1. Go through the range 46-86 and name the chymotrypsin sites (Phe, Trp or Tyr not before Pro) that are in a DSSP coil and have 10 or fewer other Cβ atoms within 10 Å of their Cβ.
2. With a 1.4 Å probe and every protein chain left in place, work out the accessible area per residue of the chain in Å², rounded to a whole number.
3. How long are the semi-axes of the ellipsoid equivalent to the chain, from square roots of 5 times the Cα gyration tensor eigenvalues, in whole Å, largest first?
4. Under the Karplus relation 6.51 cos²θ - 1.76 cosθ + 1.60, θ = phi - 60°, what is the ordered set of whole-Hz ³J(HN,Hα) values for the range 9-26, x standing for Gly and Pro?
5. Which of rounded, prolate, oblate describes the range 41-86, given a ≥ b ≥ c as roots of the alpha-carbon gyration tensor eigenvalues and a/c under 1.5 marking rounded, otherwise prolate only if a/b is larger than b/c?
6. Determine ³J(HN,Hα), in whole Hz, for all residues of the range 68-85 in sequence, where each value follows from phi through the Karplus function 6.51 cos²θ - 1.76 cosθ + 1.60 and θ = phi - 60°; x replaces Gly and Pro.
7. Could you go through the range 40-51 in sequence order and give the Karplus-derived ³J(HN,Hα) for each residue, using 6.51 cos²θ - 1.76 cosθ + 1.60 with θ = phi - 60°, rounded to whole Hz, and x for Gly and Pro?
8. Where does the chain land at 222 nm, in deg cm²/dmol rounded to the nearest 500, when only DSSP H runs of n ≥ 4 count, each adding -39500 (n - 2.57), divided by all residues?
Amino acid sequence: GVSAKLPFAHAVVAGDVVYLSGVTAQADGDPIRESDSVEQQTRRVLRVIDERLSRAGTDNSRVVQAQVWLKDIGRDFAGMNAAWNE
């Protein structure tokens, strides 16, 4: 996971709500490679999100909102959506 030296929590539970901090394709500790597709990066992000939600006692079926940031939305949106919907 992300270095414990960072000054924020990966997840905060407030009552029945779980808030996650930002997750990037590097969140699992592996660097992004130039050859990584947006689909590969999205899968990595979703795997980390799933792990954090699981540790908080929930899963992605209960996600209410997600903000997604893409470097080039015109180029990357379809690939991100395809991986998201797998």
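The values are calculated or read from the model by the stated rules, or taken from the named source; none is laboratory data. The model shown is predicted, which means the values in this text are computed figures rather than measured ones. Backbone-built Cβ (ideal geometry, glycine too); neighbour counts: all protein chains shown. Heavy atoms of the whole protein, side chains included, go into the accessibility calculation; ligands, DNA and RNA do not. Shrake-Rupley method; radii C 1.70, N 1.55, O 1.52, S 1.80 Å.
1. Values: sites: Trp69, Phe77, Trp84; in loops: Trp69.
The qualifying sites are Trp69.
2. On a per-residue basis, 75 Å².
3. Equivalent-ellipsoid dimensions as semi-axes: 23, 16, 11 Å.
4. 7, 5, 8, 10, 9, 10, x, 9, 10, 10, 10, 9, 6, x, 10, 10, 5, 9
5. It is prolate, given that a/c is not under 1.5 and a/b is the larger ratio.
6. Along the range 68-85, the couplings run 10, 10, 10, 5, 9, 4, x, 7, 9, 4, 4, x, 4, 4, 4, 5, 4, 8 Hz.
7. Running phi through 6.51 cos²θ - 1.76 cosθ + 1.60 with θ = phi - 60° gives 4, 5, 5, 4, 5, 4, 5, 5, 5, 4, 4, 5 Hz.
8. My calculation for the chain gives -11500 deg cm²/dmol from helical runs alone.
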